[in-house]
1. If you rank B:21, A:526, B:108 by fewest surrounding Cβ atoms within 10 Å, what's the result?
2. Between rounded, prolate and oblate, where does segment A:82-144 land on the alpha carbon gyration tensor, with a ≥ b ≥ c its root eigenvalues, rounded for a/c under 1.5, else prolate if a/b exceeds b/c?
3. Starting with the fewest neighbours, write out A:496, A:401, A:350 ranked by other beta-carbon atoms found within 10 Å of each beta-carbon.
4. When the Cα centres of segment A:432-479 and segment A:230-270 are compared, how far apart do they sit, in Å?
5. May I ask for the angle, rounded to the nearest 10°, between helix B:129-144 and the longest principal axis of chain B, with both axes built from Cα atoms and the value confined to 0 to 90°?
6. So how much slack lies between residue A:205 and residue A:505, counting 0.36 nm per residue of separation and subtracting their Cα-Cα distance, in nm?
7. In degrees, nearest 10, range 0 to 90: what is the angle between the Cα axis of helix A:262-278 and the longest Cα principal axis of chain A?
8. Could you tell me whether segment B:42-120 comes out rounded, prolate or oblate from its Cα gyration tensor? Rule is a ≥ b ≥ c as square roots of the eigenvalues, rounded for a/c under 1.5, then prolate if a/b exceeds b/c, otherwise oblate.
């Protein structure tokens, strides 16, 4: 026998005593080189040790693929010690994806019929561990033979091997059905366990097989009864429970067989009640069986008494000192909170207490379950708990808690003021973790609660005074101050203590937000717009606003700069429009949650719309729109609604009107009509149009190019627009070369095109 | 499959045993090992022994200096998984006599052999401690014999 470099244990010692990674690598490389050399030599009796060393090295993470062929050779060896390590190596180094794995199929086949059961066992184990679909197909008949005619040691292994085969090649399930059935009658626990697992697998794969196996329910019930009632069995006892592993597997199989089937469920009813009441729940193992029983009861068509029993067991679990038990109780309750809502509600108190548990997993489960239990009747108390949880919960749960609170508040808010208060509370506590759509949703809520505008703006103003770091809160507050600043300045409020502020104070706050390094660019946008809006709501400090706006006209941030320039224009050239443009926002219709950016700019068809103002205001003020408002050039902005003809230009006697008609889902026909009420004709009047790239434009020929005097005739022109990409916003820019028309902008709402 | 993998690792994150019950690429295995060690070692001392990871439940328990970590499918009974871990520890303990981490390091192949008598294909194979112990002992004795009589095609076994 050739001497190997180091016996296995010596090598392990050497590796462990290496002080650095480099040293360890050195030892391993040396050993691997020696092992490789040994592999190339003829049989020397030390092969199993070498392979074992290689497997150790492999476990440390080093490459060991050169050992694959050695595994194949060792498996074919007549020596048991070599076979053993060879098969272990195969399970560790070969998997079905390696080609070499096919080479061992023949060895396995031979070993399956070996006279020695321990050799058969090696083959079975390896096949069940890494057998590929091909190998499984090849060897399935062998396994079936072993299932019928062998000792119990082999039968139990063959059963699990069959399970693996069925998982790999579903069709082969048919082959094992009969054998599985007969194995149930055996006395040996290992065999019965294997049979139950195999039957479970077969039933899960094939519904016909499941039908056939329903007949075994009485047998299974018998076996369970035997386990539960029988006296102490030293071989299988675990803390007073007789073979808990087998009990749990039988319960799981019963669950599958009883699901959606009255007859089967009836047959197992008594047994389940018996297990539920007789199982000792002081140790984990008893609780494991109880847990499985509860899951089964809740899944099959059990009678109501049994169901109540099951939910009560879960309730008891909730009070258990063991955190694990509380955790699984909550997971189970979560599954049934939809179907057995009232039963779970009874345990709400305990569940809410679990929110205060130290353990993160338990907290998470408690949160999920608490949110599911919120209802109209308990909303106030639940919200108190949830809000207090929010202030102390781990950071990874904050976002989920915040959205859960918002959802619950939206569905069950007892009053609007409560709703607003709740949202404000969340924003102050966890403002950084809320989802993006919170801000527009909240703004909409506030706008629609007109009676609380004064209250809301006061609360938000106060919140802003104390903290400007929570961006969503700051955004909403700025928006509100912009809209309802006049209510703030009035100094009176019914719902809450009014503030005594001057216009300067309010502008100070907004300026602080504008200048703070904590503010996001979008937040600063809000602040600037709010400042601008205040120009129509305050009386004395308009100049201050003017100067703020003009300063930001040279801001580095492009978005801010653009806005500032536009607002500047609003002060200068279009001052006559300023009041109308900055008017209070009307009630916003809400379509559905989660729709932002344009889709919510659906016009409310019932609201009477003055041409030229609603949509524009929305565009200006909208918290939804992102910065794609490059269409806002400093020029006349008019907007029109779907309905009537709109006058888009009226100056010096020339009037241009526009009306549109929706042709299809993405097509729109616009008719331009120009007329001239001056004393002289206007010749060479043409209109050109521009639209965004994604919109297709087709201008038809105009009816004429001169506008006769005194409105004698009109010139009409049709423009066909196609918006295949359904862009949210599109504009039509009209330009006239002859006439000194400033470029006119028209913006379409989303449903116009 | 009910069990997908079993890992044993020390408190420093060194892997002592890895058993995979499904076919996976080496990269996937390495990732799982990394994730498991990170997640489990980060847990507080008296936490719940269950965690959610992707679509699997992770059941872990610490015995002395070793963490035993089982990845099971979502319909598995977590409490029973704890019992499975405990049973394996008992088997090791019986075999090595007051087992400690060093035993598993220096006799890793034995640890695998014992595991392979207890679990197979991701399921429990034998529910009796005594039978598992006896099988291991018998296999060990067989290993001692230098040349065993291996005739592959003789009579059927009964």
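Readers should treat all values here as calculations from the given coordinates under stated rules, not as data from a laboratory. In this text the structure is predicted, and so the values were computed from the model without any measurement. Please note: Cβ atoms are built from the backbone with ideal geometry, for glycine as well, and neighbour counts cover all protein chains shown.
1. On the way: B:21 23, A:526 28, B:108 20.
Lowest count first: B:108, B:21, A:526.
2. On the way: a/c = 1.96, a/b = 1.14, b/c = 1.72.
Here segment A:82-144 falls in the oblate category.
3. Fewest to most other Cβ atoms nearby, the residues stand as A:496, A:350, A:401.
4. Each part reduced to its Cα centre gives a spacing of 57 Å.
5. Approximately 60 degrees, to the nearest ten.
6. The residue A:205-residue A:505 span can extend by a further 100.8 nm.
7. Relative to chain A, helix A:262-278 is tipped by roughly 80 degrees.
8. Taking the square roots of the gyration eigenvalues as a ≥ b ≥ c, segment B:42-120 is prolate.
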